[in-house]
Amino acid sequence: MSGQVVSLGCRLNIAESEAISGFLDGGPPTVVVNSCAVTAEAVRQSRRAVRRLRKENPEARLVVTGCAATIEQNAFAAMAEVDAVVPNADKLKPELWTAAPVSTAHFAKGKHTRAFVPVQNGCDHACTFCIIPQGRGTSVSFETRQVIEAIARHEGVNEVVLTGVDVTSWGADLAASPRLGDLVAAILGAFPALPRLRLSSLDGVEIDPLLFDLITQEPRVMPHVHLSLQSGNDMVLKRMKRRHSRRDVIDLVQRMKKRRPGLAIGADLIAGFPTETPEMHADNVSIVRECAVVHGHVFPYSPRPGTPAARMPQVDPMLVKERAAEVRAEVAKQRRDWLRSLLGMPAQVLAERDGTGHAGHFATYRVPEGTPVGSLVTVTPTKIVEGILE
């Protein structure tokens, strides 16, 4: 074993892990855990990963980086299993890794299937539930040239995913303040043979007119929009310090689907936010129906020390768990209905390592045996087996 990078959490971590791997050049066996801190459970999973990997690799140097290791640096440094902690601000400095070479083995699909390319890092907003700005800092955009050069290093992949902490804020800190639509247009122009460009989570209020047009009219931009929604209730959104209302989201989805009817909607939703009443929770469930959310990331609220929401009146943890289950159940219903509507419809699918693949709208399909990983194949499903179109 020359080493491994274990990437936990978001797609940005996956992209950064690949960059770390590219910095390495000889040296002792090393394991790097690229940790996540989006929830308290994510931090616990990071600690469990550290303990497990130490048992599996007793002789290796074990380094922890990422958001959890940045926010709780002393706690991770104190773990007996950890040899070193590298904060987020330093993890993309090549000189830190030249003595600790690592090969990549992610806890996620994608290294040979699609390329995850970061376009920005950090966040300038102050959502009351979120600890991530403490781990990532303020928003920093990568220049268009840098993004294009990064994509060029993934020559031959059929899908590129643009990632970041707050992707739609891209460009605000650059000269002339370009918008994300400008970057997407530049990428499509620079890579006319790239068949698929996918966007990670978007803040709906920051979708600029050009980006809206590209999402709804450009075939190479995948018909899959994942919104940083967080709640379907206006009072909860206000207490979260979000910048959109329930009506804003519903109107955006309706306008997008009118222009591109096959568009699939995903959303991040938090259940059991402090002060949430039964009526507020009902709004969380109903917005899943109104927007036909078929890709849901539903999080039971978990207080993060140091955030304003942690000081608000909390909902009973058992009730939080129940409400999260109810929101997930509504997403599952919307997804079942959507998958049934796709039966008999041909779809172009990007093949992955486990014999499945994802279409442009991100439904999962079974691909024919022997399909090369990373290739595009047309599949016409006739049945659904455990959520997979076959």
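Sorted from largest down, what three extents in whole angstroms do the Cα atoms of the range 299-390 have along their principal axes?
Here the spans come out as 53, 26, 17 Å, largest first.
Label residue 176 and residue 84 with points 7 Å out from Cα along Cα→Cβ: what is the distance between them in nm?
Distance between label points: 4.0 nm.
Under 16 Å from the Cα of residue 91, which aspartates and glutamates turn up, not counting those fewer than eight places away in the same chain?
16, 18, 25, 72, 83
Given the options 293, 373, 221, state which has the largest fluctuation in a GNM of the chain using a 10 Å cut-off (strictly under) for Cα springs.
373
How large is the dipole of the range 154-210 about the Cα centre if only Lys and Arg carry +1 and Asp and Glu carry -1, each at its Cβ, rounded to the nearest 20 debye?
It works out to roughly 200 debye.
Just to be sure I understand: with springs between alpha-carbon atoms less than 10 Å apart, which residue in 273, 116, 212 has the highest mean-square fluctuation in the Gaussian network model of the chain?
Per the Cα network of the chain with a 10 Å cutoff, 212 tops the list.
Amide H to amide H under 5 Å from residue 202: which residues, 5+ apart in sequence or cross-chain, H placed 1.01 Å off N in plane?
Amide H neighbours of residue 202: 226, 227, 228.
Taking H as built 1.01 Å from N, whose amide H comes closer than 5 Å to the amide H of residue 86, not counting residues under 5 places away?
64, 65
Which pairs in the list 93/238; 257/383; 258/333 are over 29 Å apart, alpha-carbon to alpha-carbon?
With Cα atoms farther than 29 Å apart: 93/238.
How large, in Å, is the range 205-332 by the Kirkwood hydrodynamic radius built from its alpha-carbon pairs?
Final number for the Kirkwood radius of the range 205-332 is 15.2 Å.
Indicate the gyration tensor shape class of the range 134-271 (rounded, prolate or oblate), computed on the Cα atoms with a ≥ b ≥ c the square roots of the eigenvalues: a/c under 1.5 is rounded; otherwise a/b larger than b/c is prolate and the rest oblate.
The shape class here is oblate.
Under a plain spin-label model, where a point goes 7 Å from the Cα along Cα-to-Cβ, how far apart in nm are residue 277 and residue 243?
About 2.9 nm, to one decimal.
Take every DSSP beta bridge with both residues inside the chain and express the antiparallel ones as a percent of the total, to the nearest 5.
25 percent
Once the Cα atoms of the range 277-339 are picked out, what are the Rg and Dmax in Å?
Using the Cα atoms of the range 277-339, the pair Rg, Dmax is 13.2, 41 Å.
What's the long-distance tail for the chain, i.e. % of Cα pairs beyond 40 Å?
Of all Cα-Cα distances in the chain, 13 percent exceed 40 Å.
Add +1 for every Lys or Arg and -1 for every Asp or Glu among the other residues with Cβ under 11 Å from the Cβ of residue 371, and state the total.
Summing Lys and Arg as +1 and Asp and Glu as -1 gives 0.
Could you tell me the ratio Rg/Rh of the range 172-253? Both radii from Cα atoms, Rh via Kirkwood.
1.03
For the range 187-256, what relative contact order do you get, as a whole percent, if you take Cα pairs closer than 8 Å and at least 6 residues apart?
Here the relative contact order equals 32 percent.
Based only on Cα atoms, what mean projected area does the convex hull of the range 324-376 have, in nm²?
One quarter of the hull surface, i.e. the mean projection, equals 4.4 nm².
Of 138, 154, 252, which is farthest on the positive side of the dipole of the chain, counting Cα position, with +1 on Lys and Arg Cβ, -1 on Asp and Glu Cβ, and the Cα centre as origin?
Of 138, 154, 252, it is 252.
May I ask you to give the average projected area over all directions of the convex hull of the Cα atoms of the range 235-302, in nm² rounded to one decimal?
4.6 nm²
None of the figures in this text is laboratory data; all of them are computed from the coordinates on show. This structure is a prediction, so every number in the text was calculated from the model and none was measured. For neighbour counting, all protein chains shown are included, and Cβ atoms are generated from backbone atoms with ideal geometry for every residue, glycine included.
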